[in-house]
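One structure is given here, and the rest of the page talks about it.
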Amino acid sequence: MTNRMILRFLSLADNVGLARVAVAQMAGQIGFSLSDVEEIKVAVSEAVSNAIIHGYQGREDGWVEVACSVAGDELVVTVEDWGVGIADIAKAREPAYSTDPERMGLGFVFMESLMHAVVVESAPGRGTRVEMRRRARVGALSRDVQ
Amino acid sequence: MTIVHLLHGPRLVVALKGDLDLKSAGELRQALDQLIDRFPDRDLIIDLTEVEFVDSSGLGVILGRYKRLSARGRSLQLTGVRPPVRTVLDLAGIAKLVTISDHLPKSPVR
Ligand SMILES: Nc1ncnc2c1ncn2[C@@H]1O[C@H](COP(=O)(O)OP(=O)(O)O)[C@@H](O)[C@H]1O
Ligand SMILES: [Mg+2]
């Protein structure tokens, strides 16, 4: 089974649910369990929310693109924005780090805990691209063996 | 997001229905803060029986209310936590701060 999808939408909070449901649907096509799909939805929600809140900082006219592919037993999701970008990616990925005092800084922690691999590319003033992978039929996620 | 509150013994119970994410976070924060102020001497129970999705934006609202309440010597409990919601709570280590139960506590007999 091989399938691909590209979804492009404006940076509105209403679209976070749309993105996670679309990816969940594709994950279901390659045999992820229901509880796996729930975890994938959280990771997608975090990346898309970040694009909207941080990437576009409340602007509602920015594009967010979610690309999703399933091939064999692997799901690959990329979430991209053309917003402000991240100056220090390592810092941004630290648990409890947030540039917004109202937020918890757990978005990247959730993405890393719930997916097998997370790659972040970003340039200040250009935007951010987060790529996340998860296999349907490999063993425990790292958090299970810690 | 549907938000329904009721008084249960000495506690304020707020039952939520819907996804707890970026879209619902602002509305939920406002509603909970209003209720916390309106019933200033009550502990809060948030009933998540009809909540199937929570991410860090939703969790932030819950944790923020915990901080407001505990600053006033009041407690927060979560009830009706479903397995996918539990996963997110566990990743964030919420159980160290907030009591999580499957069911509402029995109302004291008067
Ligand atoms: N798409 C993005 N564009 C710009 N900055 C981002 C983006 N995603 C994450 N960041 C930065 O990384 C920090 C940490 O992100 P995260 O772990 O999701 O925590 P939170 O969203 O709670 O701040 C954010 O506070 C923000 O500064
Ligand atoms: Mg985030």
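Mind checking the full-extension length gain between B:Arg68 and B:Thr49? Use 0.36 nm per residue of separation minus the Cα-Cα distance, one decimal, nm.
Once the chain is fully extended between B:Arg68 and B:Thr49, it gains 4.5 nm.
For the protein assembly as shown, compute the number of Lys pairs whose alpha carbons are separated by less than 23 Å, excluding pairs fewer than 8 positions apart on the same chain.
Step by step, the pairs that qualify in the protein assembly as shown add up to 7.
Shielding of A:43-52 by partners, i.e. mean partner chain Cβ atoms within 10 Å per residue? Intermediate results must be reported in sequence, preceding the final value.
Details: counts 1, 1, 10, 5, 0, 3, 7, 3, 0, 2.
Per-residue shielding by partner chains comes out at 3.
Could you check what % of the DSSP bridge pairs in chain B are antiparallel, to the nearest 5?
35
Can you give the relative contact order of the range A:1-145 as a percent, counting alpha carbon pairs under 8 Å and 6+ residues apart? Present the calculation step by step, with values, prior to reporting the outcome.
On the way: 293 pairs, mean separation 37.2, N = 145.
Computed over the range A:1-145, the figure is 26 percent.
Counting only other chains, and only Cβ atoms inside 10 Å, what mean value do you get across the residues of A:72-84?
0
Just want to confirm a number: the relative contact order over the range B:2-101, from Cα pairs under 8 angstrom separated by 6+ residues, in percent.
28
Can you compute log10 of I(q)/I(0) for the protein assembly as shown with the Debye formula, treating each Cα as one identical point scatterer, at q = 0.14, 0.16 Å⁻¹?
Once normalised to I(0) and log-transformed, intensities are -0.94, -1.18.
What distance in nm lies between label points placed 7 Å from Cα along the C-beta direction at A:Met1 and A:Ala117?
Taking the simple label geometry, A:Met1 and A:Ala117 are separated by 2.2 nm.
Label points 7 Å out from Cα along the Cβ direction at A:Leu34 and A:Glu65: separation in nm?
Simple spin-label model gives 3.6 nm for this pair.
In nanometres, what is the gap between the two model label sites at A:Ile89 and B:His103, each 7 Å from Cα along Cα-to-Cβ?
Result: 5.1 nm between the two label points.
Taking only C-alpha pairs under 8 Å that are 6+ residues apart, what is the relative contact order of the range B:15-62 in percent?
Relative contact order for the range B:15-62 comes out at 68 percent.
Using packing as a proxy for protection, rank B:26-34, A:19-27 so that the peptide with the highest average count of other Cβ atoms within 10 Å comes first.
Numbers: B:26-34: 15.9, A:19-27: 20.4.
With the highest mean Cβ count within 10 Å placed first, the list reads A:19-27, B:26-34.
Highest GNM mean-square fluctuation, chain A, Cα pairs closer than 10 Å: which of A:Ile40, A:Ile52, A:Ile89?
Sorting by GNM fluctuation, first place goes to A:Ile89.
Counting only other residues whose beta carbon sits under 10 Å from that of B:Leu12, what net charge do I get with K and R as +1, D and E as -1?
In short, +2.
What does the net charge come to around B:Leu22 if you take all other residues with beta carbon closer than 10 Å to its beta carbon, with K and R at +1 and D and E at -1?
Details: positive: B:Lys23; negative: A:Asp14, A:Glu46, B:Asp19, B:Asp21, B:Asp55.
In short, -4.
Let me know the mean shielding of B:88-97 by other chains, meaning the per-residue number of their Cβ atoms within 10 Å of its Cβ.
On the way: counts 7, 0, 2, 9, 7, 1, 0, 0, 0, 0.
Per residue, the number of nearby Cβ atoms from other chains is 3 on average.
If you project the alpha carbons of the range B:2-101 onto the principal axes, what extent comes out on each, in Å, largest first?
Sorted from largest, the Cα extents of the range B:2-101 read 32, 27, 21 Å.
Read-outs throughout are calculated quantities, based only on the coordinates presented, and are distinct from any laboratory measurement. Note that the structure is a prediction, hence the values are computed from the model and not measured. Cβ coordinates were reconstructed from backbone atoms using ideal geometry, including for glycine residues, and neighbour counts include every protein chain displayed.
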